[in-house]
Amino acid sequence: MNYTAEQLAHTGLLMDLLPIGMVLSSGRRISRGNAIFADIFGYCPDDLIGKSWEMLFPSHHDFVELGDCWRGILSRDGQYCDERIMLRKNQEPVNVRVRGKCQDRRDPYLLLACTLELASSAAAASFSLSAREREIIDAMSNGLTSKQIGLKLGISHRTVETYRARLMTKVGARNATQLLALAS
């Protein structure tokens, strides 16, 4: 039987009882989410209803790129799972595991049910940072540019950029936001 997001939103008791973040979305807009889902991102559940998922992504590019990836896999398999960096209300990055299943593979975003949980990255557990790497991560988390970090640490900005590139490879980050989330 096929349901609309509105019909499923009225059956929210199950969502509220499950011990995992849950959300129903339609057209990449949040139709209903439970308190655990909202809490992962620092919101109240009602704050997210009707909002685009984009507000939880680090950038518009990430929202579009991941949306295209999910669309392809959902169209083929009907479900998908990944770990990704998203943003809390205060713009702090958070690593989450997202699992989704669509109602209709022909239009996977028409109705999509997802679970979300905080992810402890395997990469984060498998590396340690040198004192210099930690200094660079700390400076980055304070919003300093490579040139500013270089001046602060008495090294060239190119050396800082080399450290950043190696750190991204070391922790498996695709961008600076992910690097900060995984290495902090």
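With the whole protein complex present, Tyr43 retains an accessible surface near 40 Å², based on a 1.4 Å probe. Volume of the convex hull of region 21-67 (Cα atoms only), normalised per residue: 68 Å³. When the chain is treated as a Gaussian network with alpha carbon springs shorter than 10 Å, the biggest mean-square fluctuation among Ala38, Ala165, Ala173 belongs to Ala165. Shape class for region 39-107: prolate, because the ratio a/c of the largest to smallest gyration tensor axis (alpha-carbon atoms, square roots of eigenvalues) is 1.5 or more and a/b beats b/c.
To the nearest whole percent, what portion of all C-alpha pairs in the chain is separated by more than 31 angstrom? Here the tail beyond 31 Å accounts for 26 percent of pairs. Atom-type composition of the exposed protein surface of the chain places 53 percent of the accessible area on carbon and sulfur (1.4 angstrom probe). As a calculated quantity, the FRET efficiency between Arg158 and Glu117 at R0 = 41 Å, using C-beta atoms, amounts to about 0.55. Note on Lys170: aspartates and glutamates with a C-alpha under 18 Å away, same-chain residues under 8 apart excluded, are Glu83, Glu133, Glu135, Asp138, Glu161. Normalised by 2.2 N^0.38 Å, where N is the number of residues, the C-alpha radius of gyration of region 69-116 stands at 1.26.
The values are calculated or read from the model by the stated rules, or taken from the named source; none is laboratory data. Keep in mind the model is a prediction, meaning the values are calculated, not measured. Neighbour counts are summed over all protein chains in view; Cβ atoms, including those assigned to glycine, are modelled from backbone coordinates with ideal geometry. The accessibility values were calculated without ligands, DNA or RNA, using every heavy atom of the protein model including side chains. Shrake-Rupley method; radii C 1.70, N 1.55, O 1.52, S 1.80 Å.
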